[in-house]
Amino acid sequence: MEVANTSDLVGRIFHPWATLNVVLPCIMSFLVIVIVIGNFMVLVVFIKTPKLRDIAGVYMMNLVATDLTYGALVLPLTIISSAYGRWVFGRILCQFKGFLTSLLCSVSYGTLGLMSLEKYIAILKPLHYSQIMTTKAMAVSLCGLWMYMGTLSILPLFGFGKYDFIPAAFTCTTKWRYSAVYGLTYLFAGLLPSMATINITYFFIFRAARQQARKINTIEVRMCRTDTTEEIHSGVSVPTNSVENSQRQSNLLTRSFNKTQTKAAMTVLIVVGVFMLSWSPFAMANTWSVVTNTPIPFYIELIVTWLACLNSALNPYIYAVRTKSFKNGLRRVARSWSCTVRGRELNCLSWQPDVEEITELSVMTNTVHR
């Protein structure tokens, strides 16, 4: 990459990007390590924790797998290119890298759309969840997502769009400025359907959450008034009958189930929010470039590109912080690895499930059966 030199008063020559070609690979290498370790640990915990291997868990594993592939296969090529200041792997690998980048990013936000839809069904249609969200439906949705996004991503390899090396981003990706028609196709056929699904489902999820909270408060107030009235008229505390106990237990189970699902929905919403915050500057910058037919300034393109890459590093840590089952699974995996290293596998691997997890699972199971 050719960049004009600058000099100071004593005539020393500076190469503005020489420092960048050293510092940037170091920063990106650290980012790759964070992405690979974080997403790999999430996959291991999911595989070794049966409780997490439900429909929602498989969707999350698909998201984590795309981030792990992106960090392990795609970003190392970008690191080497940033060190050299140019693409050094040939045109064929450049095209493949552009295709893989497009595919993995497309599958990531498509998976977020599926995760949002799953939470919508879990919260708004809990009685029909097991009939709608079957293993077959989950497999078909994921296979369909990969095939559909793969079709959109492969089009530039056949002349509809263009994958090329972007010097400011040190990577081979879609050259949006010279692929306006493909860019619009990708926007309306790939990105917008997923974003629309996310926005619509979460609108109804939060509306239902507010309505449920109001109903629970109303029920609690009525029950409190009933108990108070009985105590006043009798002069002593009157035990509630079996019907009232059953109703209270049902309300308690429903409230616990809704609280669990709402927390899970909030976790997905945080993941979606981080994704949109990471990728929105990149999308807006490239849209502006296509509409105005002007190149994106070097530093702007560099920042928005790596801000988008940062998203792959954040997802596993968000999920780890928000999900108690995952944290417990992570502790068990770490304990088992530690025991394996110390040669005490049998004693260390004979763990018992946490009481809290058993209670939570029992509540959810009883509620669904009711």
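The values are calculated or read from the model by the stated rules, or taken from the named source; none is laboratory data. As the structure is a prediction and not an experimental result, all values here were calculated from the model. With ideal geometry, Cβ positions are generated from the backbone for all residues, glycine too; neighbour counts draw on all protein chains shown.
Anything in the stretch 147-161 that is touching a helix residue (DSSP H, G or I) at 6+ places or on another chain (Cβ under 7 Å) and farther than 19 Å from Met284 by Cα? List them, or say none.
Keep residues of the stretch 147-161 that are touching a helix residue (DSSP H, G or I) at 6+ places or on another chain (Cβ under 7 Å), which gives 149-150, 152-157, 160-161.
Hits for the stretch 147-161 are Met149, Gly150, Leu152, Ser153, Ile154, Leu155, Pro156, Leu157, Phe160.
Has the stretch 241-255 got at least one residue that is buried (at least 16 other Cβ atoms within 10 Å of the Cβ), under 23 Å from Ala196 (Cα atoms) and either of a type in the set (A, V, I, L, M, F, W, C) or modelled with pLDDT under 75 (or both)?
Pass one, the stretch 241-255, residues buried (at least 16 other Cβ atoms within 10 Å of the Cβ): 253-255.
In the following step, the residues that additionally are under 23 Å from Ala196 (Cα atoms) were identified as none.
No, because not a single residue in the stretch 241-255 is buried (at least 16 other Cβ atoms within 10 Å of the Cβ), under 23 Å from Ala196 (Cα atoms) and either of a type in the set (A, V, I, L, M, F, W, C) or modelled with pLDDT under 75 (or both).
Here is a list of conditions, (1) hydrophobic (A, V, I, L, M, F, W, C); (2) under 15 Å from the mean Cα position of the chain (by Cα); (3) not in a helix (DSSP H, G or I), and Ala56 meets all of them except one; can you say which number that is?
With (1) hydrophobic (A, V, I, L, M, F, W, C); (2) under 15 Å from the mean Cα position of the chain (by Cα); (3) not in a helix (DSSP H, G or I) applied to Ala56, the lone miss is (3).
Looking only at the stretch 145-186, which residues are surrounded by fewer than 16 Cβ atoms within 10 Å (Cβ to Cβ) and either of a type in the set (A, V, I, L, M, F, W, C) or within 28 Å of Met115 (Cβ to Cβ) (or both)? Give the derivation first.
Residues of the stretch 145-186 that are surrounded by fewer than 16 Cβ atoms within 10 Å (Cβ to Cβ), as a first pass: 147, 150-151, 154, 157-160, 178, 180-181, 184-185.
Scanning the stretch 145-186 gives Met147, Gly150, Thr151, Ile154, Leu157, Phe158, Phe160, Ala180, Val181, Leu184, Thr185.
Check the stretch 100-120 and report whether any residue there is out of contact with any strand residue (DSSP E or B) (no Cβ under 9 Å at 6 or more places or on another chain) and farther than 26 Å from Tyr148 by Cβ.
no
Which count do you get for residues in the stretch 40-69 that are of a type outside the set (A, V, I, L, M) and under 21 Å from Cys143 (Cα atoms)?
Final tally of qualifying residues: 9.
Please go through the stretch 93-108 and pick out each residue that is buried (at least 23 other Cβ atoms within 10 Å of the Cβ) and either in contact with a Lys or Arg (Cβ under 9 Å, 6 or more places away or on another chain) or among the aromatic types (Phe, Trp, Tyr) (or both).
Matches in the stretch 93-108: Gly98 only.
Any chance you could count how many residues in the stretch 153-190 are under 24 Å from the mean Cα position of the chain (by Cα), in a helix (DSSP H, G or I) and either at pLDDT below 85 or farther than 21 Å from Val291 by Cβ (or both)?
Selection size over the stretch 153-190: 4.
Can you find, within the stretch 63-88, the residue that is surrounded by the most Cβ atoms within 10 Å (Cβ to Cβ) among those that are closer than 30 Å to Val268 by Cβ, among the hydrophobic types (A, V, I, L, M, F, W, C) and out of contact with any Pro (no Cβ under 8 Å at 6 or more places or on another chain)? Steps first, please.
To start, the set of residues in the stretch 63-88 that are closer than 30 Å to Val268 by Cβ comprises 63-76, 78.
If we keep only those that are among the hydrophobic types (A, V, I, L, M, F, W, C) as well, we get 63-65, 68, 72-75.
Right, trim to out of contact with any Pro (no Cβ under 8 Å at 6 or more places or on another chain) and you get 63, 65, 68, 72-75.
On the way: Leu63: 27, Ala65: 17, Leu68: 22, Ala72: 14, Leu73: 14, Val74: 21, Leu75: 21.
Ranking the qualifying residues of the stretch 63-88, first place goes to Leu63.
Report, ordered by the first and then the second residue, all pairs with beta carbons closer than 6 Å, sequence separation of six or more or different chains, a first member in the stretch 84-112 that is closer than 14 Å to Phe170 by Cβ and modelled with pLDDT under 90, and a second member that is part of a helix (DSSP H, G or I) and of a type in the set (S, T, N, Q).
Gly85/Asn21; Trp87/Ser81
Output the residue which, of all residues in the stretch 127-144 that are touching a residue at least 60 places away in the same chain (Cβ under 8 Å) and either touching a strand residue (DSSP E or B) at 6+ places or on another chain (Cβ under 8 Å) or surrounded by 17 or more Cβ atoms within 10 Å (Cβ to Cβ) (or both), is nearest to Ala283 (Cα to Cα).
For the stretch 127-144, the residue satisfying everything is Leu142.
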